[in-house]
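Nothing in this text is a laboratory measurement; each read-out follows from the coordinates by a stated rule. Note that this is a predicted model, so its numbers are computed, not measured. Cβ atoms come from the backbone with ideal geometry, glycine included; neighbour counts cover every protein chain shown.
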Amino acid sequence: LMIEPFSELPARLGWRKNFTQIIFDPDQPYVEFSLTPEFPWCSEKLAERGIVWSLRDLLASVCCPGAYQIVTCKCGYAPDAYLEERICVSHPDSGSVVWEIDTKGLAPALDDALEVIEGFIRLRFVRDEYEADIRAMLCEVQETARTQVSLAQMASAHGIEYLQAEYPECLSLPAEVFEPGERGCDLEDFVTMDCDGPCGRVALLRAGTLLEISLFDDELVCLNGKVDRGWIGRWFTRWSALAAYRAWVCHFSRPFGLGFDVRYVRLDIEEAGQNSFVLLPEKSLAACHTAGEHLAAVLQAQFDEGDTAPGVTVRYVRCIPPMAGKENLA
């Protein structure tokens, strides 16, 4: 169930602190800043593409395996930087952390040499070093928030010329915004965190959980018999799960996304809504089931790895979805 990467390297986390722009608040101008990623195979154009570390997701990846938007857009919405996938993070043993990075879905964050590669790269971290690097990032963010930023430090920030012309007496500014400001996790939250506190470890799902995969009307997953409306990909700790997921979802769509005029679409089950999954006309139900069962097997293997999700059962359920087809109106 494992797939070999294009490249596999040992890794450490690096960063460059960038003061991006000055905000001219009437009460007090301040500067925004971010951390530009540095890691093996990363692009040299991350700063100009507005791609930054998500410290929030990095911290989460220490505690729990899963898929994380570790590299994201400075605005906090990854697709704005054309980042379409997350990094798959696994904890195969107590001493290591592994990233598997999709070369197409995260292409803007990667070296241009990988543009022709279909697949993924794998980065292996020593867990103690991984934790230490993330703690160091957090400490630098806290120190930046607590001290004034000199003009020399923010020399490349947007608005520096205006600041020097209109505020000639200003020699430094506070840093009050850390990009990305995402999902309610702002600079103030990072400032209050304990850089030296213990990193707890959490399983991806509780022991005894039953995860069922199928076309449950308009959703793909049930947890313990209840429909889960979250994105299934958050549980992908290895790229092989992403590949298996893609091989499954190519068999179906939602009616509003079929890509041809609704007059040419019929549903064998009339009550199917516009949000319900339907089998594509050129696909077979048997092939869909085979791909779904493979995805379930891949996820089960990943959950059984190390302490990812011990005691969790993954099962594919053979449902019969509505069938979409093209009608000949002639």
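Observations, loosely collected:
- When the helices of the chain are scored as -39500 (n - 2.57) per DSSP H run of n ≥ 4 and the total is divided over every residue, the value at 222 nm lands at -6500 deg cm²/dmol.
- Antiparallel DSSP beta bridges within the chain, percent to nearest 5: 75 percent
- Rounded to 10°, Cα long-axis angle of helix 239-249 versus longest principal axis of the chain: 50 degrees
- The H on the amide N of Ala157, modeled in the peptide plane, is under 5 Å from the matching H of no residue at least 5 residues off or on a different chain.
- Partner lysines for Lys283 [C-alpha distance under 26 Å; skip if fewer than 8 residues away on the same chain]: Lys104, Lys326
- For the stretch 149-183, GluC sites (Glu not before Pro) are listed when DSSP marks them as loop and at most 14 other Cβ atoms sit within 10 Å of their Cβ; the list is Glu169.
- Its Cα centre serving as origin, the stretch 7-191 has a Cβ charge dipole (Lys and Arg +1, Asp and Glu -1) of approximately 380 debye.
- Given R0 = 25 Å, the distance between the Cβ atoms of Val317 and Val202 translates into a calculated FRET efficiency of 0.40.
- Put simply, the amide H of Ala67, placed in the peptide plane, has neighbours under 5 Å in Val89, Trp235, Phe236, leaving out anything fewer than 5 places away on its chain.
- Dipole of the chain [Lys/Arg +1, Asp/Glu -1 at C-beta], most positive-end residue of Thr192, Pro92, Pro255: Pro255
- Take the Cβ atoms of Thr192 and Cys250, set R0 to 35 Å, and the FRET efficiency comes out at 0.20.
- Environment charge at Ala157 (Cβ cut-off 15 Å; Lys +1, Arg +1, Asp -1, Glu -1): -4
- The charge dipole of the chain, taken about its Cα centre with unit charges on the Cβ of Lys, Arg, Asp and Glu (plus for the first two, minus for the last two), comes to roughly 1080 debye.
- The stretch 187-219 residues near the modelled Asn275 label - backbone nitrogen below 12 Å, point 7 Å along Cα→Cβ: 217-219
- Virtual spin-label span in nm between Lys45 and Thr147, 7 Å along Cα→Cβ: 3.4 nm
- Length available on full extension from Glu38 to Leu285: 0.36 nm per residue minus the Cα-Cα distance, which gives 84.5 nm.
- Stretchable slack from Leu171 to Asp93, in nm (0.36 nm times residue separation minus alpha-carbon distance): 23.1 nm
- Cβ-Cβ FRET estimate between Ser156 and Lys104, R0 fixed at 30 Å, reported to 0.05: 0.45
- With Cα atoms, 0 to 90° folded angle of helix 285-303 axis to the chain main axis: 40 degrees
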